[in-house]
Structure formats: C-alpha cells, structure tokens
Amino acid sequence: MAVTQTFVMVKPDGTKRGIVGDIMSRFEHRGFKLIHAKQLVMSSAMAEQHYSHLSAKPFFQELVDYITSGPVFAMVWEAENAVQLSRSMIGPTNPAEASPGTIRGDYGTSVEANVIHGSDCPENAEREISVFFGQ
Ligand code: RTP
C-alpha cells in the first residue's frame, strides 16, 4: 500500500471546544505522520471554493457562515492509504449516524458542528493541501 497524504481540518466547533490536541493524538496513535499544521480563519472566498460541490444546496450560505465563524486548524497527515484510513477514523457526515470510536461519533453534536473535515479522495486531498499550504 502506498504512503500518501491527506488534508484534515478541525472546524470552528472543534477549535472552540479545545479538542485539537485530542484529535491530533488520534492520528498520531494510528501511525500518521504530521507534515503541516496551522490555525487560520477562512475567508468567505476560500470557504465558497472549499464547499463549491455544495453550492446548489439550500444550506450553502449557512455552511459558509459557519466555517468562517472562527478559527479552523488545518493539517496534512501522511500514512499508508491516508485518505481512506482518515475517513474511517472521522466517520459519517451526520454525528447521529457515526459509531462511538469515530471522531464525529465521539465529539460531533450536529451535521454542521461535526468537528472535522477530511478529504474524500486523493485528488481532493492534493487540491486542498495546495489551497491551504501551497505546492
Ligand atoms: P466534509 O467535507 O466536511 O469532510 O464532510 P463530508 O465529506 O462528510 O460531507 P459533505 O457532503 O462534503 O458536506 C460538507 C459539510 O457540509 C455540512 N452539511 N450540512 N445541513 C445539511 O444537511 C448538511 N449536509 C452537509 C456538513 O458540516 C459537512 O461536513
């Protein structure tokens, strides 16, 4: 299995609640290697681009307002099969459907406040890493 990188971002509900360290520990304990990390507040333009696949959804503006409402903590992690493994650690979008032991299952409080974003395919991981951290 190839060693690859993925993009992961703790959302404003996660940074506000002070669980960035807990989330980073999970990735470290699972054998991921940290490549980049930084805290930032996303601009509306960045958020609209990040969620462009959802621009037709009725909740799009709410989503943009939410993700720009406070700091996010952006990270690049490296592991074998990093995208798939991180998605399985994160769990499904809706925390109510996420199993205990997944990040959203343990910390998520709503579909919006679901703690964390993780790239859903290697192509998006590459694009998101480049948007947040440059080439
Ligand atoms: P993410 O991109 O944040 O990792 O989430 P995902 O792949 O699990 O889900 P995606 O469909 O890409 O949705 C992105 C984020 O939009 C919010 N959402 N709200 N109100 C709603 O019905 C709704 N549906 C999705 C979630 O915060 C989701 O993480």
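If I filter segment 1-31 down to residues being small (Gly, Ala, Ser) and touching a residue at least 24 places away in the same chain (Cβ under 8 Å), which single residue comes out as nearest to Asn114 (Cα to Cα)?
Among them, the one singled out is Gly14.
Being basic (Lys, Arg) and farther than 24 Å from Ser110 by Cα is the filter here, so list the residues in segment 1-48 that pass it.
Within segment 1-48, Arg30, Lys33, Lys38 qualify.
Go through segment 46-58 and report how many residues are assigned to a loop (DSSP other than H, G, I, E, B), exposed (fewer than 12 other Cβ atoms within 10 Å of the Cβ) and not charged (D, E, K, R).
Counting residues in segment 46-58 that are assigned to a loop (DSSP other than H, G, I, E, B), exposed (fewer than 12 other Cβ atoms within 10 Å of the Cβ) and not charged (D, E, K, R) gives 2.
Can you name the residue in segment 99-125 that is more than 17 Å from Tyr51 (Cβ to Cβ) and free of Cβ contacts under 8 Å to residues at least 12 places away in the same chain and is also surrounded by the fewest Cβ atoms within 10 Å (Cβ to Cβ) among such residues?
Within segment 99-125, the match that is surrounded by the fewest Cβ atoms within 10 Å (Cβ to Cβ) is Pro100.
Could you run through segment 76-135 and say how many residues are of a type in the set (Ser, Thr, Tyr), more than 14 Å from the ligand (Cβ to nearest atom), over 19 Å from Val3 (Cβ atoms) and assigned to a helix (DSSP H, G or I)?
Residues meeting the conditions: 0.
We did not get these values from a lab; they are worked out from the coordinates using the rules stated. These numbers were taken from a predicted model, which means no experiment stands behind them. Here Cβ is always computed from backbone atoms with ideal geometry, including for glycine, and neighbour counts include all displayed protein chains.
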